[in-house]
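S.K.: Once you've had a glance at the structure underneath, I'll fire off some questions.
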């Protein structure tokens with residue numbers, strides 16, 4: 001049985017709840033020496049096309065640290081700016097209105113938006129592993145997606161990455177919505193799980209799972225499939241911007257990858273730089289330690305299993321994702337995205 005409530009739009013970063021106390025973005029100086037030439041070239045390239053704004057799809061959070069690090073280290077040109085979205089901002093609105101030239105968002109959501117009429121292009125990768133997963137109490141008998149049969153699962157809403165992940169979990173286990181109770185719980189995963197209102201929740205391995213543990217409840221994460229065809233956080237632009245500012249975008253994508261690499265290598269430096277953006281971390285060692293834990297977990301998503309370069313994105317993976325989204329009726333009806341059109345890697 002499925003309980004239908006208000007639908008909450010969600011993205012991997014844009015609509016995710018911040019961790020307790022708020023965790024800001026971070027930066028570090030690891031690339032300063034090696035990136036001076038890159039910064040100089042970026043300055044020349046970007047100056048030719050004007051300012052270039054990168055949209056970060058929520059308020060400051062350590063999960064955005066790779067981009068803060070690239071900015072702090074001078075890897076980005078001086079006229080490259082970072083812009084945080086508010087809770088009510090649309091994921092791609094500022095990009096499509098020309099206020100931003102690049103946005104950090106899920107590739108899956110970019111493809112869905114394209115199917116609904118947007119003209120978006122994925123030009124770089126970020127997460128090599130998908131962040132959305134099932135979260136259950138440590139003592140739960142649920143060990144795999146098949147164990148969801150007859151159980152109640154809480155989800156933030158019926159859009160976005162957690163919804164796609166739940167669809168994949170059910171597909172993996174050959175379950176339909178009639179086999180379980182899906183409860184729309186908004187962003188109250190912790191309260192719903194701890195209070196016993198649901199048997200499992202869909203959330204993020206580098207956010208919700210950590211937050212629940214930090215609040216004192218032992219939990220486990222369960223992958224929604226052995227092979228996940230969904231692609232999470234990536235670098236997204238518009239077709240018109242790609243056509244008019246391809247060189248500028250390529251330079252920024254490559255600089256962002258340097259930031260990702262530094263972030264994975266040095267979470268401590270990430271936390272230190274976070275203090276420039278979140279005053280609480282300067283005086284609260286507990287919050288700083290929690291921020292580091294999120295940085296480490298996020299770094300694992302950025303690096304993946306090591307089989308692909310940091311920052312890469314692959315047209316074949318986007319094709320597999322489109323096939324999954326199509327087969328599960330998750331795409332809009334205005335346009336059928338083609339992988340080679342919606343994914344143009346600029347750093348490969």
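S.K.: With (1) under 25 Å from residue 240 (Cα atoms); (2) modelled with pLDDT of 95 or more; (3) buried (at least 22 other Cβ atoms within 10 Å of the Cβ) as the list, and residue 148 as the residue in question, which single condition is left unmet?
M.R.: (1)
S.K.: So which residues in segment 166-184 are outside any helix (DSSP H, G or I) and either touching a strand residue (DSSP E or B) at 6+ places or on another chain (Cβ under 7 Å) or not assigned by TED's automatic domain parsing to the domain that holds residue 137 (or both)?
M.R.: Result: 180, 181, 182, 183, 184.
S.K.: Are there any pairs with C-beta distances below 6 angstrom linking a residue in segment 186-205 that is on the phi < 0 side of the Ramachandran plot to a residue that is part of a strand (DSSP E or B) and surrounded by fewer than 21 Cβ atoms within 10 Å (Cβ to Cβ), with the two at least 6 apart or on different chains, and if so which?
M.R.: Listed by first residue and then by second, the contacts come to 198/152; 198/183; 199/152; 205/221.
S.K.: Also: Out of 153, 121, 136, which single residue is at pLDDT 95 or above, assigned to a strand (DSSP E or B) and not assigned by TED's automatic domain parsing to the domain that holds residue 173?
M.R.: After applying the criteria, what remains is 121.
S.K.: Still on this structure: Which one is farthest from residue 65 (Cα to Cα) among residues in segment 298-312 that are under 14 Å from the mean Cα position of the chain (by Cα) and outside any helix (DSSP H, G or I)?
M.R.: Only one residue tops the list, namely 304.
S.K.: Right, here's the next one. Within the bounds of segment 37-44, is there any residue that is in contact with a helix residue (DSSP H, G or I) (Cβ under 7 Å, 6 or more places away or on another chain), surrounded by fewer than 21 Cβ atoms within 10 Å (Cβ to Cβ), modelled with pLDDT under 90 and on the phi < 0 side of the Ramachandran plot?
M.R.: Yes: one or more hits.
S.K.: Then there's this: Suppose we filter segment 272-308 for residues that are in contact (Cβ under 8 Å) with a residue 40 or more places away in the chain and under 20 Å from residue 104 (Cβ atoms); how many remain?
M.R.: Final tally of qualifying residues: 16.
S.K.: I've got another one for you. Every residue in segment 273-292 that is farther than 24 Å from residue 74 by Cβ, out of contact with any helix residue (DSSP H, G or I) (no Cβ under 7 Å at 6 or more places or on another chain) and not in a loop (DSSP other than H, G, I, E, B), please.
M.R.: Across segment 273-292, the qualifying residues are 283, 285, 286, 289.
S.K.: Kindly provide the set of residues from segment 64-95 that are in a helix (DSSP H, G or I) and surrounded by 19 or more Cβ atoms within 10 Å (Cβ to Cβ), ordered by number.
M.R.: Hits for segment 64-95 are 64, 65, 66, 67, 68, 69, 70, 71, 72, 95.
The values are calculated or read from the model by the stated rules, or taken from the named source; none is laboratory data. Being a predicted model, the structure only gives us computed values, none of them experimental. So basically every Cβ, Gly included, is an ideal-geometry build from the backbone, and we count neighbours across all protein chains shown.
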